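Report on the following structure.
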Amino acid sequence: MSQKRQTVRSPQTVSRILELFSSLRELTSLDAILERILSEARELSGAEAGTVFLREGDRLGFSYVQNDRLSGAENLTERVYQSASLPIDGSSIAGYAALTGQTVAVEDAWAIPDGAPYHFNIDFDKRSGYRTRSILSLPVVNSRGTVVAVMQLLNAAGPRGKPGPFTPEAADYAALLTHHAAAAIETGLMTREMVLRMVRMAELRDPSETGPHAQRVGAYAAEIYHALAQARGVGSGRLKRTKDLLSVAAMLHDVGKVGIPDGILMKPGPLTPGERAIMCRHTWHGAALFRDPASELDAMAADIAAHHHQRFDGTGYPACEGPLLPQKHPGQPDQADVGLAPLAGRDIPLAARIVGLADVYDALISRRVYKQAWPDDQARAHIIRESGGHFDPEVVRAFFSLGGVVTAIRERFPDP
């Protein structure tokens with residue numbers, strides 16, 4: 001039921017919340033921001049699980065999930081990429097919190113009275129075997145008074161390891177956190193929109209460079225890195241930081257196509273050797289956009305733009321340049337300007353090796369003006385054949401460890 005409690009805060013907890021928002025300024029991707037906010041809210045409130053919904057017009061989009069009870073389930077990561085949404089109304093607790101701007105606390109989701117202004121759908125619990133009891137649903141309101149998200153926490157830690165209700169103190173801490181979370185979430189949304197605008201700029205020249213394609217490549221790359229880093233034993237802090245940067249930088253892999261003529265980008269058939277040589281230059285143009293990196297994101301985006309067409313065996317872009325490459329125009333960067341030397345093996349930046357596989361996989365399973373979409377099993381067979389040739393075998397193994405996450409990403413970001 002809606003709650004208005006007198007705030008009870010310890011100086012240590014308030015200080016921790018303020019430190020959190022200072023650290024959020026170091027994050028780039030929206031997913032990383034949501035993950036950090038949700039993790040901290042669960043820690044402060046003792047919640048076993050939680051979800052963040054982002055407002056998308058008159059609905060709430062399912063945007064991030066964590067669940068300790070289901071953390072060993074193979075399909076938990078897939079849930080991060082669910083494309084489900086809820087109406088902003090009383091048909092759900094989160095929808096009601098968004099509609100009213102009020103925090104809602106429920107002691108037992110399966111025992112909500114018939115006259116309550118909100119409802120709980122138990123279908124997920126029945127499908128997953130998870131039992132939702134206590135719920136704390138908190139609207140995230142920006143400086144203009146608009147609800148931009150809802151954070152929903154589930155199953156507060158109770159006596160003898162069983163879920164209990166959220167305490168007034170836990171609710172107050174979580175409310176303080178969400179009060180300050182709106183600015184960080186809006187920053188993440190603005191970053192994502194700026195990146196997608198750059199992608200849409202490239203799409204004006206090359207119809208294959210769509211927002212969904214870029215988002216899929218970014219998500220594939222982030223999850224491939226996560227699997228690879230875990231296999232290498234990379235520490236949690238470094239893993240999260242690199243994954244955060246990669247998920248955004250990977251989306252910008254082909255922005256250099258804005259410098260390629262339309263007749264080549266839109267040609268409905270194979271390119272001639274001369275046309276292919278011109279196409280190679282999109283790596284030059286992309287790297288030149290980030291020639292003077294002002295941040296880690298810029299530096300990684302430059303590496304990816306420059307090298308994501310390098311092959312593990314040393315061929316590929318930009319090694320395809322040569323006598324067929326037409327004379328560059330005045331003002332165009334040359335190979336030395338943007339550091340585009342042919343590389344091989346692990347001399348190719350890891351981010352570029354990962355994005356190289358993610359981009360090829362998505363291109364194979366997608367329809368293009370010059371080809372039909374490949375079946376998924378055919379695309380995967382190609383990647384296996386090219387392990388050690390086109391692709392880094394370590395990256396290939398990480399990709400094949402993702403299971404259903406790949407399908408979940410495709411469903412989350414479908415082509416129009």
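The values are calculated or read from the model by the stated rules, or taken from the named source; none is laboratory data. If you're wondering where the values come from, they're calculated on a predicted model, not measured in any experiment. Reconstructed Cβ throughout: ideal geometry from the backbone, glycine too, with neighbour counts over all protein chains shown.
What to note about this one:
- In the range 167-218, the residue that is nearest to the chain's Cα centre (by Cα) out of those that are among the β-branched types (Val, Ile, Thr) and in a helix (DSSP H, G or I) is 217.
- Residue match in the range 370-388 (condition: modelled with pLDDT under 95, surrounded by fewer than 16 Cβ atoms within 10 Å (Cβ to Cβ), in a loop (DSSP other than H, G, I, E, B) and of a type in the set (D, E, K, R)): no
- Within the range 219-254, considering residues that are of a type in the set (Gly, Ala, Ser) and outside any helix (DSSP H, G or I), the one surrounded by the fewest Cβ atoms within 10 Å (Cβ to Cβ): 233
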